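This report concerns only the one structure given below.
The values are calculated or read from the model by the stated rules, or taken from the named source; none is laboratory data. Fair warning: this is a prediction, and the values are worked out from it, not measured in the lab. We place every Cβ from the backbone using ideal geometry, glycine too, and count neighbours over all the protein chains shown.
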Amino acid sequence: MAAIMIDGKAVSGRLRQEMTAEVAAMKAAGITPGLGVVLVGEDPASQVYVRNKMRACEELGIHSQDYRLPGDTTAEALLELIRELNCREDIHGILVQLPLPAQIREEAVIAAIAPEKDVDAFHAKNVGKIVQGNYDFLPCTPAGVLELIRSTGISVAGKECVVVGRSNIVGKPMAMLMLHENATVTICHSRTQSLPEMTRRGDILIVAIGKGKYITGDMVKPGAVVIDVGMNRDENGKLCGDVDFASVEPVAGYLTPVPGGVGPMTITMLMRNTITAARLARKACP
Ligand code: NDP
């Protein structure tokens with residue numbers, strides 16, 4: 001039997017509808033959530049991401065402001081802008097689009113963002129809170145994946161969850177969230193021996209490795225929930241995931257397509273974090 005498709009666009013659309021109502025209510029109470037988006041350089045993919053994030057803000061009624069700096073911007077100039085945004089009352093969330101040009105250290109920039117405005121949840125303070133299970137923000141992609149899994153109605157507690165990939169942005173926080181959901185979690189990476197044996201154990205298999213069509217049907221447990229985070233171009237330049245859709249679809253129970261799976265959720269979760277940041281700022285006011 002073919003896998004049931006998990007429709008990221010539909011789940012994201014439902015959440016955005018709820019958030020639009022939430023933002024309208026906040027505005028009526030005198031708070032307009034605001035997001036500052038910083039882009040350094042002219043990377044075409046980053047320009048598209050920034051445009052999509054600003055468009056989502058507009059759609060939901062969130063105030064957004066973009067700051068475009070030239071590719072030869074110094075680290076000090078960028079840090080100065082972040083310090084300014086940290087103090088701005090109308091900007092509740094700060095997003096610095098990664099990657100940054102080589103002369104700027106990403107870690108220094110992430111560390112400079114006020115943790116309560118860190119809507120990407122990359123700051124060490126927020127990462128620590130996530131590990132402790134006591135967080136305000138979740139990183140956007142793992143949070144989106146969790147929503148997609150919830151949308152299947154399948155309970156995670158007690159299930160074997162295999163996460164392939166251990167990046168700070170996706171794999172590691174993803175594994176932590178699944179642990180908080182009471183899954184038994186295995187994290188695989190490029191040094192993992194016998195990857196197919198590992199992935200076949202997953203009732204829930206989450207793949208974020210950045211290698212097109214790498215996970216094939218023989219690596220998947222029949223009936224598993226398979227979440228494909230990957231975004232790659234295939235040999236014909238077509239967008240594809242890390243999962244080989246053709247061979248996995250007949251084996252999995254649920255599967256996210258690429259495009260239309262995890263992708264639409266990431267920006268939606270950024271919107272949620274911006275709303276949360278605005279609420280926290282209001283609470284922090286005397
Ligand atoms: P990274 O390159 O930072 O990390 C990749 C991870 O995959 C590493 O931990 C690496 O292991 C592991 N890996 C690489 N090759 C293998 C292999 N053959 N077997 C097992 N593990 C392997 O990538 P990201 O986490 O940033 O992104 C992963 C994918 O997700 C990319 O395609 C990216 O475009 C996509 N993405 C999609 C988003 C969305 O919104 N849909 C958002 C973010 C990312 P090791 O640590 O040992 O090197």
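Each residue in segment 106-139 was checked for being without any contact (Cβ under 8 Å) to a residue 24 or more places away in the chain and acidic (Asp, Glu), and 2 pass.
Considering only segment 27-60, state which residues are assigned to a helix (DSSP H, G or I) and of a type in the set (A, V, I, L, M, F, W, C).
Going through segment 27-60, the residues assigned to a helix (DSSP H, G or I) turn out to be 27-28, 44-60.
Listed by number, the residues that qualify are Ala28, Ala45, Val48, Val50, Met54, Ala56, Cys57, Leu60.
Step by step: first the residues of segment 166-192, then only those that are basic (Lys, Arg) and closer than 23 Å to Gly263 by Cβ, then the one that is farthest from the ligand (Cβ to nearest atom). Which residue is that? Let's see the steps before the verdict.
First, the residues of segment 166-192 that are basic (Lys, Arg): 166, 172, 191.
Adding the requirement that they be closer than 23 Å to Gly263 by Cβ leaves 166, 172.
Working: Arg166: 4, Lys172: 8 Å.
Across segment 166-192, the extreme among qualifying residues is Lys172.
Selection over segment 101-143 of residues that are surrounded by fewer than 19 Cβ atoms within 10 Å (Cβ to Cβ), of a type in the set (Gly, Ala, Ser) and more than 25 Å from Glu181 (Cβ to Cβ) gives a count of 4.
So for segment 67-90 (the condition being under 24 Å from Leu15 (Cα atoms), hydroxyl-bearing (Ser, Thr, Tyr) and either surrounded by fewer than 20 Cβ atoms within 10 Å (Cβ to Cβ) or in contact with a helix residue (DSSP H, G or I) (Cβ under 7 Å, 6 or more places away or on another chain) (or both)), does at least one residue qualify? No, every residue in segment 67-90 fails to be under 24 Å from Leu15 (Cα atoms), hydroxyl-bearing (Ser, Thr, Tyr) and either surrounded by fewer than 20 Cβ atoms within 10 Å (Cβ to Cβ) or in contact with a helix residue (DSSP H, G or I) (Cβ under 7 Å, 6 or more places away or on another chain) (or both).
Of the residues making up segment 245-286, those that are among the charged types (D, E, K, R) and farther than 21 Å from Thr141 by Cβ are Glu249, Arg279, Arg282, Lys283.
Against the criterion of being at pLDDT 95 or above, within 15 Å of the ligand (Cβ to nearest atom) and of a type in the set (A, V, I, L, M), Val248 does not qualify. Of everything listed in (1) modelled with pLDDT under 95; (2) closer than 25 Å to Met54 by Cβ; (3) of a type in the set (Lys, Arg), the single unmet condition for Lys283 is (2). Among the numbered conditions (1) modelled with pLDDT under 95; (2) within 15 Å of the ligand (Cβ to nearest atom), the only one that Asp136 does not meet is (2). In the list Thr216, Thr266, which residue meets the criterion of being among the hydroxyl-bearing types (Ser, Thr, Tyr) and surrounded by fewer than 19 Cβ atoms within 10 Å (Cβ to Cβ)? Every option except Thr216 fails the conditions. The set of residues from segment 171-185 being buried (at least 24 other Cβ atoms within 10 Å of the Cβ) and closer than 14 Å to Phe137 by Cα comprises Pro173, Met174, Leu177.
Residue-wise test of (1) more than 27 Å from Leu280 (Cβ to Cβ); (2) among the hydroxyl-bearing types (Ser, Thr, Tyr); (3) over 17 Å from the mean Cα position of the chain (by Cα).
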{"site": "Gln103", "(1), (2), (3)": "yes, no, yes"}
{"site": "Val131", "(1), (2), (3)": "no, no, no"}
{"site": "Phe137", "(1), (2), (3)": "no, no, no"}
{"site": "Val145", "(1), (2), (3)": "no, no, no"}
{"site": "Ser151", "(1), (2), (3)": "no, yes, no"}
{"site": "Ala175", "(1), (2), (3)": "no, no, no"}
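When the residues of segment 1-30 are filtered to those that are β-branched (Val, Ile, Thr) and buried (at least 18 other Cβ atoms within 10 Å of the Cβ), which remaining residue is farthest from Asn273 (Cα to Cα)? If you could, list the steps in order and put the result at the bottom.
Initial filter on segment 1-30 (β-branched (Val, Ile, Thr)): 4, 6, 11, 20, 23.
Checking the rest, the ones that are also buried (at least 18 other Cβ atoms within 10 Å of the Cβ) come to 6, 11, 23.
Details: Ile6: 23, Val11: 17, Val23: 12 Å.
Among those that are β-branched (Val, Ile, Thr) and buried (at least 18 other Cβ atoms within 10 Å of the Cβ), it is Ile6.
Annotation: Gly223 fulfils all but one of (1) in contact (Cβ under 8 Å) with a residue 24 or more places away in the chain; (2) within 16 Å of the ligand (Cβ to nearest atom); (3) of a type outside the set (A, V, I, L, M, F, W, C); the unmet one is (2).
Looking at segment 193-213, can you tell me whether even one residue there is touching a residue at least 60 places away in the same chain (Cβ under 8 Å), within 15 Å of the ligand (Cβ to nearest atom) and of a type outside the set (Gly, Ala, Ser)?
In the first step, residues of segment 193-213 are kept if they are touching a residue at least 60 places away in the same chain (Cβ under 8 Å); the result is 206, 208.
Subset that is within 15 Å of the ligand (Cβ to nearest atom): 206, 208.
Within this subset, residues satisfying the condition of being of a type outside the set (Gly, Ala, Ser) are 206.
The answer is yes, given that some residue of segment 193-213 is touching a residue at least 60 places away in the same chain (Cβ under 8 Å), within 15 Å of the ligand (Cβ to nearest atom) and of a type outside the set (Gly, Ala, Ser).
Is it true that some residue in segment 72-88 is hydroxyl-bearing (Ser, Thr, Tyr) and closer than 26 Å to Arg16 by Cβ? Checked against the condition, which is being hydroxyl-bearing (Ser, Thr, Tyr) and closer than 26 Å to Arg16 by Cβ, segment 72-88 yields no hits at all.
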